[in-house]
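Please read the structure below before turning to the comments.
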Ligand SMILES: *Cc1c(COP(=O)(O)O)cnc(C)c1O
């Protein structure tokens, strides 16, 4: 199998005696042994074998192997959600007295973990600007152990320079950890830019139909072994059922993303000059402030489009009420297009200044562009803008 997308389709758990074509789900919490010696050897890590589904499970392994293949990673560990993947990626490597460098525009719950929980464990952090790589090095301290970032950012679609971050991390011997949720491995593979760890919320594009929660951490064997040790003790493991759903989804990820991204580019181009929109943001529009970086590190512009309504906060609420087809929901990466207004929903608890600091303006609308016909998506957004 010479192409990654072929591996994402063809890698599978061992077939059973009935030789089913599609992989079964291994609904089992534990696994059996032939005799005391086999059991002893597997428990002693002398022989490979399954023990308990909190540690590993064939269905979960199939999903992890497929995702690792897509990312060009040696291996991975799958978790119950994106947040548990992110939390494990911090706690498996950071200890009391360590310092985390992190880009300031990151997913809200990740911000919550860093600011509310890491300090309880004595882990320090510094936020740096996503758009100013020159300022990052000055924030590095002797105890800095990890640089964490997300690109494109949720919801503002900032693009962070992966090559600059990778070079900095190599120079200072820091773990480079990337949340690749928005781009997916079809859109970008951060390992090519020196990432040591990749974290995913599989809940979004990887599932692609808004059905299940899931997450994963990918990387080199010795790093993922630390994630495994942390998770097998603390228990945020992915359920076999969710893994089965997600594993099937990876078979269509490449073709789905192609359509999500071409629809998104179409929407962004068609609406860029709309009078109700004061600015349009899409990584593959030349007007995007980090267009050059996006073109360098991404294979497509992704499935999310953001725009600023000229009318601000009130216009944002009116826009949602004017939609007839797009769903009003917090998820993204679904077959069905979704509209959200962060200032009045997901980020309403922040002050206006806090929102501004992470690029969330009062009239910001985020569209997760689905797989409906592009003209229907465009017409409904026009309904909202009218
Ligand atoms: C949704 C999301 C997460 C968290 O994933 P869950 O599966 O909801 O726990 C992390 N990072 C980004 C960028 C996200 O969009």
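The values are calculated or read from the model by the stated rules, or taken from the named source; none is laboratory data. Given the structure is predicted, the values throughout are model-derived calculations rather than measurements. So basically every Cβ, Gly included, is an ideal-geometry build from the backbone, and we count neighbours across all protein chains shown.
Out of all the residues in the range 4-22, which are surrounded by 11 or more Cβ atoms within 10 Å (Cβ to Cβ) and within 30 Å of residue 188 (Cα to Cα)?
If the condition is that a residue be surrounded by 11 or more Cβ atoms within 10 Å (Cβ to Cβ) and within 30 Å of residue 188 (Cα to Cα), then 4, 5, 6, 7, 8, 9, 10, 11, 12, 13 are the ones that fit.
Restricting attention to the range 219-236, and to residues there that are within 11 Å of residue 79 (Cα to Cα) and touching a helix residue (DSSP H, G or I) at 6+ places or on another chain (Cβ under 6 Å), which single residue is surrounded by the most Cβ atoms within 10 Å (Cβ to Cβ)?
Filtering first and then ranking leaves 231.
Restricting to the range 190-210, count the residues that are over 11 Å from the mean Cα position of the chain (by Cα) and within 12 Å of the ligand (Cβ to nearest atom).
2
Would you mind finding the one in 47, 95 that is in contact with a helix residue (DSSP H, G or I) (Cβ under 7 Å, 6 or more places away or on another chain), more than 16 Å from the ligand (Cβ to nearest atom) and assigned to a loop (DSSP other than H, G, I, E, B)?
The unique qualifying residue is 47.
Hey, any hits in the range 159-173 for a residue that's closer than 26 Å to residue 337 by Cα and either buried (at least 24 other Cβ atoms within 10 Å of the Cβ) or over 12 Å from the mean Cα position of the chain (by Cα) (or both)?
Yes, the range 159-173 contains at least one residue that is closer than 26 Å to residue 337 by Cα and either buried (at least 24 other Cβ atoms within 10 Å of the Cβ) or over 12 Å from the mean Cα position of the chain (by Cα) (or both).
With (1) crowded, with 24+ Cβ neighbours inside 10 Å; (2) assigned by TED's automatic domain parsing to the domain that holds residue 134 as the list, and residue 264 as the residue in question, which single condition is left unmet?
That leaves (2) as the condition not met.
Please count how many residues of the range 328-381 are touching a helix residue (DSSP H, G or I) at 6+ places or on another chain (Cβ under 8 Å), assigned to a helix (DSSP H, G or I) and in contact (Cβ under 8 Å) with a residue 24 or more places away in the chain.
7
Scan the range 109-134 for residues that are assigned to a helix (DSSP H, G or I), within 22 Å of the chain's Cα centre (by Cα) and within 13 Å of residue 99 (Cα to Cα) and report the count.
The number of residues fulfilling the criteria is 3.
Test residue 223 against the stated conditions and say whether it is in contact with a strand residue (DSSP E or B) (Cβ under 7 Å, 6 or more places away or on another chain) and either away from the ligand (no atom under 16 Å from the Cβ) or not in a loop (DSSP other than H, G, I, E, B) (or both).
When the stated conditions are applied, residue 223 passes them.
Based on what the data block shows, is residue 86 modelled with pLDDT of 95 or more, closer than 30 Å to residue 330 by Cα, within 13 Å of the ligand (Cβ to nearest atom) and crowded, with 21+ Cβ neighbours inside 10 Å?
The answer is yes for residue 86.
Could you list all residues from the range 275-304 that are touching a helix residue (DSSP H, G or I) at 6+ places or on another chain (Cβ under 9 Å), under 18 Å from residue 155 (Cβ atoms) and part of a loop (DSSP other than H, G, I, E, B)?
282, 283, 284, 285, 288, 298, 301, 302, 303
Take residue 104 and tell me if it is touching a helix residue (DSSP H, G or I) at 6+ places or on another chain (Cβ under 7 Å), under 26 Å from residue 289 (Cβ atoms) and within 11 Å of the ligand (Cβ to nearest atom).
It is false that residue 104 is touching a helix residue (DSSP H, G or I) at 6+ places or on another chain (Cβ under 7 Å), under 26 Å from residue 289 (Cβ atoms) and within 11 Å of the ligand (Cβ to nearest atom).
Looking at residue 260, is it modelled with pLDDT of 95 or more, out of contact with any helix residue (DSSP H, G or I) (no Cβ under 6 Å at 6 or more places or on another chain) and outside any helix (DSSP H, G or I)?
Criteria not met by residue 260.
Given the condition free of Cβ contacts under 8 Å to residues at least 24 places away in the same chain and in a helix (DSSP H, G or I), answer yes or no: does some residue in the range 305-317 qualify?
yes
Return the residues of the range 107-134 that are within 13 Å of the ligand (Cβ to nearest atom) and over 13 Å from residue 148 (Cβ atoms); say none if nothing qualifies.
108, 109, 112
Search the range 173-193 for residues that are more than 19 Å from residue 370 (Cα to Cα) and in a loop (DSSP other than H, G, I, E, B) and pair each with any residue that is away from the ligand (no atom under 14 Å from the Cβ) and modelled with pLDDT of 95 or more when their beta-carbon atoms are under 6 Å apart and the residues are at least 6 apart or on different chains.
Qualifying pairs under 6 Å: 174/144; 174/147; 188/297; 188/298; 189/71; 189/72.
Looking at the range 166-189 only, could you name the residues that are over 21 Å from residue 251 (Cα atoms) and within 16 Å of the ligand (Cβ to nearest atom)?
If the condition is that a residue be over 21 Å from residue 251 (Cα atoms) and within 16 Å of the ligand (Cβ to nearest atom), then 177, 178, 179 are the ones that fit.
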